[in-house]
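The values are calculated or read from the model by the stated rules, or taken from the named source; none is laboratory data. Bear in mind that the values here come from a model prediction, so they are computed numbers and not experimental data. Here the Cβ positions follow ideal geometry from the backbone for every residue, glycine too, while neighbour counts run over all protein chains shown.
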Amino acid sequence: VDEIEGNKEIVITDADDFDPVNVTRDPALDYSPAWSPDGSTIAFYSTYREEIQEPDPDDPADANLFTTSTDGTDLRQITSGVDEDVDPAWSPTGEWIYFSRAYSQWDLYRVHPDGSHLEQLTSTPKIDEEQVRLLEDGTIALVVSKRGDSRIALLTDSGIVPVTDGPSDRSVSVVPL
């Protein structure tokens, strides 16, 4: 993500030859790019919605998920509504895009890249699930928060299992070995 003329845009470049390509070109604020496993598509969230001509960057309810090809063509809105849909993460097979949605609280959802089969995966009153990341084996890691106490956890068949015990673990990073 780069700021171009005061606007957050998705920009890619070759690591060897700095020749940036502006993937998104719109008045919206674009964040959190996530590459598909095959490298052909980027999922991101944006303050733009189709029915809003001049998006309000201060209104988080305008945040929805989009996909685009790596050259900026084939832009698709894959979620919509008044919720805040953020921080997309692809499944290892590319079949799903996982993300956090805020309505009255943050919960974990997933959707197919074409916008079909939206599924809510968590519904835990008074606990927020954010910053989802998927490990190569498909394990789901995320940050869970309750009244400012945040921990890194795994989503398992048995539910959410904390893996850290610090009171302020705020982000999950996945580093391939």
## Note on the structure
Scanning segment 77-99 residue by residue, the ones that are charged (D, E, K, R) and within 16 Å of ASP38 (Cβ to Cβ) total 1
### Summary
Counting only residues in segment 119-132 that are touching a Ser or Thr at 6+ places or on another chain (Cβ under 7 Å) and of a type outside the set (Val, Ile, Thr), the one surrounded by the most Cβ atoms within 10 Å (Cβ to Cβ) is identified as GLU129
### Message
Looking only at segment 120-161, how many residues end up being over 19 Å from ASP87 (Cβ atoms), in a strand (DSSP E or B) and either under 17 Å from the mean Cα position of the chain (by Cα) or of a type outside the set (A, V, I, L, M) (or both)?
### Response
3
### Message
Criterion first (over 27 Å from ASP38 (Cα atoms) and either buried (at least 19 other Cβ atoms within 10 Å of the Cβ) or modelled with pLDDT under 80 (or both)) does VAL175 satisfy it?
### Response
no
### Query
Can you name the residue in segment 19-42 that is assigned to a loop (DSSP other than H, G, I, E, B), among the small types (Gly, Ala, Ser) and at pLDDT 85 or above and is also nearest to TYR109 (Cα to Cα) among such residues?
SER36
### Count - residues of segment 155-172 that are at pLDDT 70 or above and touching a strand residue (DSSP E or B) at 6+ places or on another chain (Cβ under 9 Å)
8
### Query
When you scan segment 133-160, how many residues do you find that are surrounded by 11 or more Cβ atoms within 10 Å (Cβ to Cβ) and farther than 28 Å from LEU75 by Cβ?
15
